[in-house]
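The values are calculated or read from the model by the stated rules, or taken from the named source; none is laboratory data. Note that the coordinates shown come from a computational prediction; the quantities given were computed from them, not determined experimentally. Just so you know, the surface numbers come from the protein's heavy atoms only, side chains and all, with ligands and any DNA or RNA stripped out. Shrake-Rupley method; radii C 1.70, N 1.55, O 1.52, S 1.80 Å.
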Amino acid sequence: MSVAATLSDARVVAAMIGGAVVAGGWVVTHLLSAARDRAARAERVRDVQGALYAEIRVHVATLKGQNLPRYGAEIEALILKGGGFFPVIPTEHNDRLFSAIVEDIHVLPFRVVDPVVQYYNQLATIGAMIADLRALRLNRIGAQRAARMYRHYIEMKIEAIDLGEEAMAFLLAHLTGGSEAVARLSDSRQKARLAETKAGVTTWIQAEKTRLSAGNNPASGRFGQ
């Protein structure tokens, strides 16, 4: 049977039309399913980011309200006075939401995940330090060493403020402006760090030039005698 004869057969034409309709249905179903999956994933990303942002914001606000530099200095001074004083260090749980959704953290862009994970790693390190401080025996290690450990604990909490603020900045950028906003924020942060490093190196070089110049100046030697 020729092609023309085949195409003139109503049954063949009906079968071809039916097949095309079925195939088109599969394509439409796939596209709709993919669109639903993308929408569900985008909603999940927003939910995860919103939850993390809220948890970090509460903890950072609490840390800021404690005036850690002054409080830490006061407690350190009391420890150094002797008499066996050492403060009670409460156990902290500031990562409950993160622990609950950590398996979904991969849905976030890498540039957002990195600062978030750094912040929560800092909390884990602080938790380990708290365990060490709670097990500390002042009569064994002495007041000076105990004071140094406590100061380090306070410094870690102060650093957690900076890490938390950076994590919040990236989460908020992605929530409000998407990947483009995150890229702009990342670039600006990197430029700021490079400028800070360059300024520090420049200051050190200038200080070294001044020191070497003073050391090579005979007059400075006479005045120093």
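Accessible surface of the stretch 19-193, 1.4 Å probe: 56 percent of it comes from carbon and sulfur atoms. At a probe radius of 1.4 angstrom, the accessible area of the stretch 19-193 per residue rounds to 60 square angstrom. Given axes a ≥ b ≥ c from the Cα gyration tensor, I'd like to know whether the stretch 19-193 is rounded (a/c under 1.5), prolate (a/b larger than b/c) or oblate. Because a/c hits 1.5 or more and a/b exceeds b/c, the stretch 19-193 counts as prolate.
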